[in-house]
Amino acid sequence: MPDRTPSPRVLVRPLLRVRQLRQYTTEPPTDDELGAIVDAGRWSGSSKNSQPWRFVIVRDADVLKQIHDAGLPQMRSLATALAAIAIVVPDDADADSIAYDEGRAAERMLIAASFLGLGAAIAWAVPTLRPLVGSLLGVPDGWFVRTLVVVGHPTPEALAPKSAPGMGRLPRDEVVFEGTWPAAPQDAGEST
């Protein structure tokens, strides 16, 4: 009997299909969908299991618009959004570790949204925008928002391919090396 176990590449293919989608319909995500997405972030791994994050689910259209207007171009995905999840992190001396953990949570939430058939994008609050975001979301002193995961039902335009099939990433042989970084090719005029 032939082995019907899918290949490793087939099994990870859903992850390869996750991408940022930044245009949303007027249908908001449900409470259950947002709850599942936040739980995916909450259960992400973190350094020493510190779980440095807190999450604020934002549905207030006026707040989303204020953040969008003040934070362009990094906040462009909020233009049509009806929901976002702000990742609130401590303003801490262990900033590199926290930023790494924050990125893990954000990417997990992006993947969770995709698994639910939703679109999502990761939006960045540049340092000059962070006080406004913190004020709008009631973030206490010693904490700030750098990342918002914007969530919604994607429009047909958002789902349209942005590049030709197979052209969305650099060729594998340009970014994946076996064992060591490849030696630079020698100039044709050099002798060895």
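Seen against the Cα atoms of the chain and their longest principal axis, helix 61-71 is set at about 50 degrees. Rounded to the nearest 10 degrees, the inclination of helix 95-115 to the longest alpha-carbon principal axis of the chain is 90 degrees. A protection proxy built from the mean count of other Cβ atoms within 10 Å ranks the segments 42-49, 106-113, 172-179, most packed first, as 106-113, 42-49, 172-179.
The label-point distance for VAL10 and ALA164, in a model that sets each label 7 Å from Cα toward Cβ, rounds to 2.9 nm.
Okay, which of segment 87-104 sit inside 18 Å, backbone N to the point 7 Å along the Cα-Cβ direction of SER47? Under cut-off, by backbone N: 88-104. Put simply, the Cα atoms of segment 24-157 extend 42, 30, 22 Å along their principal axes, the longest span coming first. Once you have a ≥ b ≥ c as the square roots of the Cα gyration tensor eigenvalues for segment 107-162, tell me rounded if a/c is under 1.5, and otherwise prolate or oblate according to whether a/b is larger than b/c. Note, shape of segment 107-162 comes out prolate.
Roughly how big is segment 47-192's charge dipole about its Cα centre, with Cβ charges of +1 (Lys, Arg) and -1 (Asp, Glu), in debye to the nearest 20?
Rounded to the nearest 20 debye, it is 600 debye.
Which angle between 0 and 90 degrees, to the nearest 10, do you get for helix 31-42 versus the longest principal axis of the chain when only C-alpha atoms count? Compared with the principal axis, the helix lies near 60 degrees.
A short reminder: the numbers here are calculations on the coordinates, not readings from a lab. Because the structure is predicted, anything quoted here is derived from the model rather than measured. Every residue, glycine as well, gets a Cβ built from its backbone with ideal geometry; the counts of neighbours run over all protein chains shown.
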